[in-house]
């Protein structure tokens, strides 16, 4: 070695030693200001607010005030291999130093002097990086390093090593507006940081050093090289065996940034409004079930049409916990008014309240399932109920009447038990129905003449699982659930009703499941419903248009019920047997019934007399979506009741080509806009409606 080289080496060593000593002296002497100038450990821009499910899994997150995704994380929620690699790569003496690593500083000072005053490596510890993250500055100088060292010493005096690591993993940048390992893991890999692969963990170790130039969505080659450097460093340090490094190194880098979980948006928004100061709100939902039902709602929405939507509620019928709540087909779809939560909207429930009418009749011993009842046109003081298919079955058993959802028998029984009593029983179930303005309970409530929400129906149907007692539904936002002490139905009546609807066959092509269910279609085809249950779970489905416009072609049995069965199947939940028959309850055949119960007489209802025709669909004033504006106009099925055939239809003043004897006719409009439809029967009686075709 030459004399010059020896002197140069000594000079460099002395400079490095001086740098280390100076840094240590400066940071030590500055500790007197520890109390006067404490480190700002509070995150000024705040954390992303979160809504999590019953297991703590993320349902939905909201960006922090500065627009960044910044999710808090604990070490227990992070993959241990990632933590080991992070410490080994960034600060291998993290658990032994007190904020400043003297050996790392010595190395940095040596490199600083050797490269003519240029910073090659900063000697930063994880504690110093936390200091930089809580007080970000653009400058990269010796003064900045001294400031970070001071702050690191202060941080170490206030926080444990575990807390320091958690703060780093919450604030470290990972590209774009992603901060923290949890946001990064979800955005780059679509998984929680507890479930990282070795390749993914290595990339997340590398990203914070240069988050923008190593972004896998913009610079995949740079990201790949950085990941491999981390893996090779771990191999050199003896932390990873050769074969694992080689296997992880062969994994391709994903170049797509994924959206963060965005489940249950309606309930999540409500959670933020309910708990405006909470950083995290826990709901009773199950993220897996929620995701599966939301996917089904999107699929069915695409099939139904551009303005129709689907809502679903799945609840544990024993506890009342809501496990999934789908408010619409697509939250962001303005054509479907997706932001409206249709699980809580009050709509006409169609025939879904009929089981409670029959339950009351069983409770009062007016009928038994084997009792005969008339299904024929009847006039109840001016109210003339009609069956959905405009046909009548004649004399049927009560069991058949409920399973076939016949309207006239249901109204006969409601007339006997009284609408007021039915409303009272619904209130026992925690449900207050919405009556027409100024209206009193009438017979029409049995066929959907009230407003009920999907959550209301699911809550009412829990009574069939609990000996007639409904259970108040809870989504996690209720401070306390309302006690429902009084039964909706007696134990025997609840079982008899559930037993009947458990015998309704599954829709065609639907999965064969051991569930009981009831369907309903509101007047004018505005709403289609299906509510089903086994011995543990209750699931309700609604579909229609949020703006309450008619949706031709939908029905409870034809449209909502298949979705109900598919939803039950997709949950993957084990089927639980329906409740056993109560002790002492005897199921009698018609021959075993006493004479008074062999056939239901009920209150006097006059036979309906023939009158002029009535157009039952579309109702007047309806807006009917037939895609007429896109030049793909679909036919509109016109339906009428009464009158004497043959019938002649007139559309916008122009008679249709021929007369018909059928009460249904498919009419294809010329285009969108207002239309007037008139039907004239053989006796010259006429009826008209005005509709708007979209």
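Quick notes on this one:
- Once you reduce region 541-594 and region 195-212 to the center of their Cα atoms, the two points are 50 Å from each other.
- Simple label model, 7 Å out from Cα along Cβ direction - residue 41 to residue 581, nm: 6.8
- Sites residue 598 and residue 275, calculated FRET efficiency, Cβ-Cβ separation with R0 45 Å, nearest 0.05: 0.15
- Virtual paramagnetic centre 7 Å along Cα→Cβ of residue 235, amide N under 18 Å, in region 182-201: 198-201
- Note on residue 161/residue 478: beta-carbon distance plugged into 1/(1 + (r/R0)^6) with R0 of 30 Å gives a FRET efficiency of 0.15.
- Spacing of the modelled spin labels on residue 676 and residue 299, each 7 Å from Cα toward Cβ, amounts to 4.7 nm.
- log10 of Debye I(q)/I(0), alpha-carbon scatterers only, for region 614-693 at 0.11, 0.12 Å⁻¹: -0.26, -0.31
- With only the Cα atoms considered, region 493-554 has a convex hull volume of 108 Å³ per residue.
- Label-to-label distance, nm, for residues given as residue 660 and residue 611 (7 Å Cα→Cβ offset): 2.4
- Most to least packed among 298-305, 410-417 [average Cβ atoms within 10 Å]: 410-417, 298-305
- When the Cα gyration tensor is reduced to axis lengths a ≥ b ≥ c, the ratio a/c is 1.5 or higher for region 488-606, and with a/b not above b/c it is classed as oblate.
- Between 0 and 90 degrees, the angle of helix 354-363 with respect to the longest Cα principal axis of the chain falls at about 70 degrees.
- Region 352-473: projected area of the alpha-carbon convex hull, averaged over directions, in nm²: 7.6
- Region 433-492 versus region 344-364: alpha-carbon centroid distance in Å: 9
- Region 457-611, relative contact order in percent, only Cα pairs under 8 angstrom and at least six apart counted: 19
- Between residue 98 and residue 225, the contour length at 0.36 nm per residue exceeds the Cα-Cα span by 42.5 nm.
- Working note: Debye formula, equal point scatterers on the alpha-carbon atoms of region 179-261, no solvent; log10 I(q)/I(0) at q = 0.11, 0.16, 0.17, 0.20 Å⁻¹ is -0.26, -0.56, -0.63, -0.87.
- Computed as a quarter of the hull surface, the mean projected area of the alpha carbon convex hull for the chain stands at 41.8 nm².
- Against the chain, whose longest principal axis is taken from its Cα atoms, helix 265-274 shows a tilt of about 70°.
- At R0 = 56 Å, FRET efficiency that the Cβ-Cβ distance of residue 590 and residue 57 yields, to 0.05: 0.55
- Those residues of region 408-441 whose amide nitrogen sits under 13 Å from the label point placed on residue 364, 7 Å along Cα→Cβ: 411-425
- Antiparallel content of DSSP bridges confined to the chain, in %, to 5: 85
- Nearest-ten-degree value, helix 161-171 long axis tilted from longest Cα axis of the chain: 60
- Rounded Å value of the spacing that divides the Cα centres of region 53-87 and region 255-287: 14
- Only Cα pairs under 8 Å and 6+ residues apart enter the sum, and on that basis the relative contact order of the chain stands at 10 percent.
- Protection-proxy order for peptides 232-239, 557-564, each taking the mean of Cβ atoms within 10 Å per residue, highest first: 557-564, 232-239
- Ordering of 390-402, 142-154 by packing is 142-154, 390-402, highest average first (other Cβ atoms within 10 Å, averaged per residue).
- Extension gain, residue 435 to residue 75: 0.36 nm times the residue separation minus the Cα-Cα distance gives 124.2 nm.
Values quoted throughout were computed directly from the atomic coordinates according to the rules given, and no laboratory measurement underlies them. Predicted model, so just to flag it, every value in this text is computed and none were measured. All Cβ positions, even for glycine, are placed from backbone atoms using ideal geometry, and neighbour counts span all protein chains on display.
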